[in-house]
Amino acid sequence: MGKKRYHFVIPEIKTELIGTQGEKAVFMPYTLEERLSTEGILEELKRQPHMAKLASYIDPEKKIYLLEGSSLEQLQLAAAYIATYHRLWDVCVGDCETKTDAESDDWQDGDINFREFDFNESIPYLTISDLMEVYAPHDGSRFGGWMYREEKKVNRPWWTMDPNAPIIVTASGNLSLLPGAFRAMEDRQRIILLYHRDRMEDDFDSFGSGFMFDGEMNMESLSFELETEMLLLEKPAPNGDYKKEILMQLAKDKGEGLASSANKGKILSLITESRGNVDNLTLSKAVSNAYLRRKREGKLTEKDFAYLSMFRTKKQEEMQDEREMELIGQAEVRTQLERIVKSMVFQKKREQLGLPHDNIHYTFAFMGAPGTGKTTWAKRLANEMKKHGLLSNTESICINAAELKAKYVGHTTGKVKALFEQYSVIILDEAYSLMEGKDGDSFGAEALAQLCVELENYGNQRLVIFAGYGGSANPEDNRMLRFLQSNPGINSRVSFKVHFDNFKEAELVQVFHTMMQHGGYTIRHDADKKMEEFFRYRMQERAFGNCREVRNLMDRVKIHMAERMMEKENYSKEEAVLVLRQDVEMAMEEIRKEYDGLRQEEGNRIGFEM
């Protein structure tokens, strides 16, 4: 690669525990390589069309950088370039000493818990929430000094141990809280603000009628308020020269490199189609997988990336399932969530107008059988709330609630706190697993206790959804209802309880047709009545899976169709997509026999009398 080699390819954001109280430091290490210089950084930027403007934006005297873009990776890479440039510049001019904790007399009342952090090697990577923990509002717009000075024996945040060190701050949404905080940090050596403009494409109809808020501050307003310029970063072309060079560099770093005959454009297109983006981290993983999967030696070609077509099919199926779940069934859920979002927006508007308002906690219980769309509707709700300014972002996680339980006493609390610190949308599936299990499960009790604390602290800043099986009026059969009734602390903080009904037979048939059509199949027969009977038969099972039953039936139909087609030596494209009535009927009969056999085995179990 020679001079074409890029030192900044994948953003490096690290997290480590510091001190004795489990405090986490999130930071970005400086790239301090022997041959890297400030001039080399500028030259490297100029070789990238989407980053060229950054080369002229960097100034040794600049104290505040305001960067906006729709790619978080590009924003983070830009921050790495800026931070390392200034770190190298400081070394060159001999001004690289930082003010240590021992030299600072501003925090005599705090116990640092033996925390250590090398500000000369890494730069703190913070969120707006991190700043707000330190700067308290006085008149609603300007920020005063350190809020911790008014209290005794309180630990200050780790990143304040060196009040002069540079920091990176990430943000999205309304920026009206920042001008005062930035003024309060005027002694900071440098502040790099990364504003991630999340351009979401809506694949569904909007919930509400679209309220607008007055007084919101964007990056242009912030730039004007702080009397400094901002820079809008563009995304690199997904099939451009820069991405091709990165692909070649990654292939060389991880192995023998790309063959000269390799079609780099085709490889990039495969990655884009299968993964939905072509950021550098995705390229890195694609190259690693290509090396792992192949059975030969030598340089990579486009054939080594053919495995990506499998992921493309899987992703298309997942997106297809979400579209079907949104279009079919759950009309009452749609109506209920629409009303809730409108109420939330209205209360926020009242708050901004200075009127009395209700602090609605964004905490839900989604109750229903498997396959009724709880996770899909949770994502849809998050997107709508983000659209109306109720959430700063839709960074989400969906985990089984039992995963919150740690192995050792005290560790569960840290896991729950980290969840709320890192994500705006938290879906806890099978929520009742926190209270079920061995008698006296202290880890579950610890998780529930900390959840109550976090829900109180982040009530209208995080969308939290407790999901699980429910719907029955009898608590003995309704695990979610039993969970809520058994824990008043959680129950009182769950503002909304949403029930997901089972799909009707006709709705499941409609889902089947939609799924098959999206998969490129054609159905020219009428087996709908038979399918309704089949789904009615399956509904007798306690573990009925709703749309998962449709997926199972569809997979069986494809198997029977393939078996029928493989008996022919040649068949046309039209025959390859045509589903016959017998394919569907044989698939349903096969599934029936399997479940009938299971019932028979259940009835023939041998028991022992005591």
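Here are some notes:
- Inter-label distance, nm, simple model (7 Å from Cα along the C-beta direction), residue 228/residue 17: 3.5 nm
- Taking all protein chains together and a 1.4 Å probe, the residues 227, 186, 384 rank 227, 186, 384 from largest to smallest accessible area.
- Computed over the range 510-585, the P(r) tail beyond 13 angstrom holds 69 percent of alpha carbon pairs.
- Averaged per residue, the range 508-558 has 49 square angstrom of accessible surface, using a 1.4 angstrom probe with ligands and nucleic acids left out.
- Alpha carbon convex hull of the range 324-395, projected area averaged over orientations, nm²: 5.4 nm²
- Computed on the range 220-303, with alpha-carbon pairs under 8 angstrom and 6+ residues apart, the relative contact order is 32 percent.
- Annotation: per residue accessible area for the range 48-89 equals 29 Å², rounded to a whole number [probe 1.4 Å, protein chains only].
- The range 16-97: relative contact order in percent, alpha carbon pairs under 8 Å with at least 6 residues between: 32 percent
- In sequence order, the range 240-247 has phi-based couplings of x, 4, 4, 5, 5, 5, 5, 4 Hz under the Karplus curve 6.51 cos²θ - 1.76 cosθ + 1.60, θ = phi - 60°, and Gly or Pro positions carry x.
- In terms of overall dimensions, the C-alpha atoms belonging to the range 482-610 reach 65, 49, 23 Å along their principal axes, ordered largest to smallest.
- Volume per residue that the Cα convex hull of the range 208-302 spans, once the total is divided by residue count, Å³: 155 Å³
- Cα-based Rg / Dmax (Å) for the range 365-423: 14.1, 41
- With all projection directions averaged, the alpha carbon convex hull of the range 480-528 covers 5.5 nm².
- Accessible carbon and sulfur surface of the range 448-530 relative to its total accessible area, %, 1.4 Å: 44 percent
- Length-normalised contact order for the range 489-578 - Cα pairs under 8 Å, 6+ apart - percent: 38 percent
- Each residue of the range 447-460 was assigned a 3J(HN,Hα) from its phi angle through the Karplus expression (A = 6.51, B = -1.76, C = 1.60, θ = phi - 60°), giving 5, 5, 4, 6, 4, 4, 5, 5, 5, 6, 6, 10, x, 10 Hz with x at Gly and Pro.
The values are calculated or read from the model by the stated rules, or taken from the named source; none is laboratory data. All values derive from a computational prediction rather than experimental measurement. All Cβ positions, even for glycine, are placed from backbone atoms using ideal geometry, and neighbour counts span all protein chains on display. Ligands, DNA and RNA are stripped out before the accessible areas are found, and what is left, the full protein with its side chains, is counted by its heavy atoms. Shrake-Rupley method; radii C 1.70, N 1.55, O 1.52, S 1.80 Å.
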